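In what follows, a structure is listed as structure tokens, so that the remarks can point back to it.
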């Protein structure tokens, strides 16, 4: 065979291997994002499952705080019904705010604070919140890697043709970004 014929054949093989390798790495990155999202979803569900127990523990003590309990219940329902990353993010922020209000109100009830059941639920929620934070960080790290991969040259030429699109970050609510004001 002619040497001049091998050069184009070799170039086509190299390009095909590059596209194949890149496509597989993008699929792998997308699967990692889905797996990381699943981790967030599991922890959000776990927290939502703790809330009815928390409300029952609080109900007997905070009879005059009906709106606080209703807000927690509404936020939980919204969190369970959210589907997209943006909806989950918004519902998570709403639920976090409602829980903060509930715990702030609970400080006015010493008997509630002394309740072993309430303390245990607080500890479990604290544990879940830490796991949610870790899961969010893991998810966002995977999204950053994926988004970077599909934007750099020459990956961007191939990624666009195969339908790979930027993924949303799971971001903190604006209120969580504000400076904490400490007053003595």
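What residue, among those in the stretch 121-140 that are at pLDDT 90 or above and either touching a strand residue (DSSP E or B) at 6+ places or on another chain (Cβ under 9 Å) or loosely packed, with under 14 Cβ neighbours inside 10 Å (or both), is farthest from residue 170 (Cα to Cα)? So, considering only residues that are at pLDDT 90 or above and either touching a strand residue (DSSP E or B) at 6+ places or on another chain (Cβ under 9 Å) or loosely packed, with under 14 Cβ neighbours inside 10 Å (or both), the one farthest from residue 170 (Cα to Cα) is 134.
Could you count how many residues in the stretch 70-91 are under 16 Å from residue 44 (Cα atoms), touching a helix residue (DSSP H, G or I) at 6+ places or on another chain (Cβ under 6 Å) and assigned to a helix (DSSP H, G or I)?
Counting residues in the stretch 70-91 that are under 16 Å from residue 44 (Cα atoms), touching a helix residue (DSSP H, G or I) at 6+ places or on another chain (Cβ under 6 Å) and assigned to a helix (DSSP H, G or I) gives 7.
Residue 91 meets the conditions (1) loosely packed, with under 15 Cβ neighbours inside 10 Å; (2) under 30 Å from residue 151 (Cβ atoms); (3) without any contact (Cβ under 8 Å) to a residue 24 or more places away in the chain in every case but one. The failed one is (1). Residues in the stretch 95-118 that are in contact (Cβ under 8 Å) with a residue 12 or more places away in the chain, over 18 Å from residue 131 (Cα atoms) and assigned to a helix (DSSP H, G or I): 98, 101, 102, 103, 105, 106, 111, 112, 117, 118.
Would a scan of the stretch 55-63 turn up a residue that is surrounded by 15 or more Cβ atoms within 10 Å (Cβ to Cβ) and within 28 Å of residue 142 (Cβ to Cβ)? No - not one qualifying residue is present in the stretch 55-63. For residue 14, state whether it is assigned to a helix (DSSP H, G or I), out of contact with any strand residue (DSSP E or B) (no Cβ under 6 Å at 6 or more places or on another chain), over 28 Å from residue 167 (Cβ atoms) and at pLDDT 90 or above. Considered against the rule, which asks whether it is assigned to a helix (DSSP H, G or I), out of contact with any strand residue (DSSP E or B) (no Cβ under 6 Å at 6 or more places or on another chain), over 28 Å from residue 167 (Cβ atoms) and at pLDDT 90 or above, residue 14 comes out as yes.
The values are calculated or read from the model by the stated rules, or taken from the named source; none is laboratory data. Note that this is a predicted model, so its numbers are computed, not measured. Methodologically, a virtual Cβ is constructed for each residue, glycine included, from the backbone with ideal geometry; neighbour enumeration extends over all protein chains shown.
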